[in-house]
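Encoded as structure tokens, the structure appears first; notes follow it.
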Amino acid sequence: MESFRMDGDTGRAFQIMVDEVQAVTPDLVQTLIDIDLQTFAESTFSHYTAAAFLTSGRVYLLRADDVVIGTCVCMRSFDRPNEACILSMGIRPGWRGKGLGQRFVSGVMAKLRQRGLRSVSLLVGKENRRAIRMYNDVGFQVVDESQVRSGLMVGYVRNPQPGDSLLLMRARIQPESAPVIELSRPV
């Protein structure tokens with residue numbers, strides 16, 4: 001937990017925390033949907049998918065005092081079992097542009113590190129320079145670029161057109177010498 005002042009030294013101080021969701025509630029499902037709608041051009045989640053991510057993924061909340069001001073949805077990669085993928089990260093309007101995105105992503109990365117994961121990846125529109133800069137600042141690097149096909153991945157590129165580019169970015173969150181976490185597979 002750290003203190004944050006909204007308007008410099010004279011503004012109200014807030015306690016900023018990154019928490020992992022422990023229990024799914026209807027209000028939390030709606031909060032995830034609301035922040036997503038305030039962040040992306042089109043909705044990423046339905047009530048069903050929001051509840052599914054809250055139940056089966058890892059969802060982190062950015063709180064200012066007791067108010068949720070940001071959400072970050074992560075899933076484990078099937079191709080890279082020691083990696084989490086950030087599917088969606090957003091902060092409510094009014095709280096953006098104040099360095100909270102960096103604090104939030106860094107806090108999420110620390111929580112994932114505690115779970116034994118080694119890296120985090122995400123997709124971001126190539127034209128989204130502000131987000132790319134923020135992700136670079138917390139250790140992400142571009143590892144691949146792909147083209148949008150038939151308007152897929154709408155949430156990552158505003159008004160995507162075939163041929164728009166998405167960047168795959170990755171950050172290492174544990175040294176190579178960290179123990180490998182094996183996933184049990186059904187027999």
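Before moving on, here are some points about what is shown:
- Taking the criterion of being hydrophobic (A, V, I, L, M, F, W, C) and either more than 16 Å from Asp34 (Cβ to Cβ) or free of Cβ contacts under 8 Å to residues at least 60 places away in the same chain (or both), the residues of the stretch 53-76 that qualify are Phe53, Leu54, Val59, Leu61, Leu62, Val67, Val68, Ile69, Cys72, Val73, Cys74, Met75.
- Within the stretch 18-43, residues that are in contact (Cβ under 8 Å) with a residue 40 or more places away in the chain have Cβ atoms under 8 Å from residues that are surrounded by fewer than 13 Cβ atoms within 10 Å (Cβ to Cβ) in these pairs: Val18/Ala110; Gln38/Pro93; Ala41/Asn159, counting only partners at least 6 apart in sequence or on another chain.
- The stretch 20-52 - residue that is under 16 Å from the mean Cα position of the chain (by Cα) and assigned to a loop (DSSP other than H, G, I, E, B) and, of those, modelled with the highest pLDDT: Val21
- Flag if Met89 is in contact with a helix residue (DSSP H, G or I) (Cβ under 9 Å, 6 or more places away or on another chain) and buried (at least 16 other Cβ atoms within 10 Å of the Cβ): yes
Residue-wise test of (1) under 16 Å from the mean Cα position of the chain (by Cα); (2) farther than 19 Å from Arg76 by Cα; (3) assigned to a helix (DSSP H, G or I); (4) hydrophobic (A, V, I, L, M, F, W, C).
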| position | (1), (2), (3), (4) |
| --- | --- |
| Leu112 | yes, no, yes, yes |
| Gly116 | no, no, no, no |
| Val120 | yes, no, no, yes |
| Leu123 | yes, no, no, yes |
| Glu127 | no, yes, no, no |
| Arg130 | yes, yes, yes, no |
| Arg133 | yes, yes, yes, no |
| Asn136 | yes, yes, yes, no |
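- Of all residues in the stretch 77-100 being in contact (Cβ under 8 Å) with a residue 60 or more places away in the chain and part of a strand (DSSP E or B), the one that is farthest from Met17 (Cα to Cα): Glu83
The values are calculated or read from the model by the stated rules, or taken from the named source; none is laboratory data. Everything quoted here is computed from the prediction, not taken from an experiment. When we count neighbours, we look across all protein chains shown, and the Cβ atoms used for this are built from the backbone with ideal geometry, even at glycine.
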